[in-house]
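Structure first, commentary second.
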């Protein structure tokens, strides 16, 4: 039996959530069970109550706002614990066409992809301003290069993930999960596909960022951190070699003048070059140490994946023992559970 869980991170979405839920599919070919999961990321309105009134199967609540990345992580953990085979992430602002979820999940169901990203056709999307189109295309090009995969819309939050990929992906950023996930997936040699999806004009500005410069800055930091985390040896050794080569230039300059009998007046070049050469060597050694830490991280991730599988197995047995059918439930901060009335 194949179970699909559609998760929706929310922050003060009590008004828009019902329309989003109404547009979600009830049946998809190849899927036996479809359930909905809402992550209430510290909303000050009655988002959780609205979700319950509309029959949402799972609700995760954060006591305070923790950001989109944390909400996504909480949703993935809850979906895996609920026995999801495929997880789809969508937004509550009505930007994505709910019926296109059927397109997203098919490559996963056929075993062709671990992650499927919904491509909004940024270059020609009438709902995007020209400057936003340019930024999206530039950002996607950078992520494609760093991740080593073909994803035309790297920051699209409309994506399907297999349960195995969800266990292997560990989001560490505090801003947004989209680029971090793709760089990790590329490094871990996961199969990533894109499908064209439809979009709608949003009725309100994004709550993820307050301004475009801030979005660019935070996204850039996220990309740099994710790439360095998973490619530490390349980043540090490359930087060290570059620094050492720069240091070699003043040393060669000193040697040139010294061989021509004028070395005493150019000791500064020797000192600067030597300092840069030492700095480059230190940076390269740091790269080796960082690579060893990355290897340890891989071992920890393998252990975490096994722990998640054990937790899911235990959760599944508890569900079977206590109930013969799925019931709506509430999760507060991923720890406390109780049946929702």
Inset, instruction - Please give the FRET efficiency for residue 225 paired with residue 257, using the beta carbon to beta carbon distance and R0 = 41 Å, rounded to the nearest 0.05. - result: 0.40
Legend entry - Cα→Cβ-extended label distance, 7 Å offset, between residue 145 and residue 63, nm: 4.5 nm
Legend entry - Rounded to whole Å, sorted largest first: equivalent-ellipsoid semi-axes of the stretch 3-219, Cα gyration tensor: 23, 21, 17
Legend entry - residue 29-residue 286 pseudo-label distance in nm [points 7 Å out on the Cα-to-Cβ vector]: 5.5 nm
Legend entry - Stretchable slack from residue 303 to residue 271, in nm (0.36 nm times residue separation minus alpha-carbon distance): 6.7 nm
Legend entry - Spherically averaged projected area of the stretch 134-201 from its Cα convex hull (nm²): 5.2 nm²
Inset, instruction - Report, in whole Å, the centroid distance computed from the Cα atoms of the stretch 35-80 and the stretch 83-154. - result: 22 Å
Inset, instruction - Please express the shape of the stretch 232-298 as an equivalent ellipsoid: the semi-axes are the square roots of 5 times the eigenvalues of the C-alpha gyration tensor, given largest first in whole angstrom. - result: 34, 8, 6
Inset, instruction - For residue 239 paired with residue 313, estimate the spin-label separation in nm (one decimal), with each label point 7 Å from Cα along the Cα-to-Cβ line. - result: 4.2 nm
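Computed from the coordinates by the stated procedures, all read-outs in this text should not be read as laboratory data. Computed from a prediction, not measured in an experiment: that's the story for all the values here. Please note: Cβ atoms are built from the backbone with ideal geometry, for glycine as well, and neighbour counts cover all protein chains shown.
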